[in-house]
1. Could you pull out the residue among 100, 83, 50 that is more than 20 Å from residue 118 (Cβ to Cβ) and at pLDDT 90 or above?
2. Filter the stretch 147-167 down to residues that are closer than 17 Å to residue 94 by Cα and either out of contact with any strand residue (DSSP E or B) (no Cβ under 6 Å at 6 or more places or on another chain) or modelled with pLDDT of 95 or more (or both), then give me how many there are.
3. Filter the stretch 98-146 down to the residues that are surrounded by 16 or more Cβ atoms within 10 Å (Cβ to Cβ) and out of contact with any strand residue (DSSP E or B) (no Cβ under 9 Å at 6 or more places or on another chain) and list them by number.
4. If you check residue 32 against the conditions, is it modelled with pLDDT under 90 and either surrounded by 13 or more Cβ atoms within 10 Å (Cβ to Cβ) or within 23 Å of the chain's Cα centre (by Cα) (or both)?
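The values are calculated or read from the model by the stated rules, or taken from the named source; none is laboratory data. Predicted model only: the values in this text are computed from it and were never measured. Glycine also receives a Cβ, built like all others from the backbone with ideal geometry; neighbour counts cover every protein chain displayed.
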């Protein structure tokens with residue numbers, strides 16, 4: 001069948017394949033683990049406990065306040081993480097807007113605060129609820145692209161997206177707006 005030369009060639013080839021297979025197996029299963037990419041660790045440069053920031057306008061009047069039990073400033077991206085922030089936006093001769101959230105984020109000198117998680121804004125008898133909201137306290141402006149629900153004693157509005165001018169009390173729901181009107185029973189009882 002096979003000549004002596006062919007048998008020798010076949011045996012040598014088989015041994016070479018077996019050795020290469022063992023070498024590859026050993027190399028793949030016993031090699032040093034490849035280093036995984038290290039998660040970038042943010043550097044904290046300041047920590048605020050029971051913080052109360054007050055911003056005054058050019059007229060010297062208190063414009064807004066940010067209150068938080070804890071805030072951490074990171075050097076990367078000049079990023080401030082605010083735990084359970086409360087923003088109090090003051091207006092002349094009017095009640096202030098009070099905005100609460102689970103957390104807030106602010107970057108650099110942007111003078112905006114991204115409020116995230118169970119955001120509730122209240123002024124007098126109006127309450128606005130959403131999952132996230134961007135507040136521009138110096139411009140008296142609020143916005144979101146999330147679902148918003150607004151409650152007053154006689155009206156409940158819901159919609160997607162909102163813009164708000166807190167100085168003039170103008171709130172605009174942007175799309176898919178629905179209204180539920182409740183008669184003012186106190187006003188009807190007086191007539």
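1. Criteria check complete, one pass: 50.
2. 1
3. Correct list: empty.
4. no
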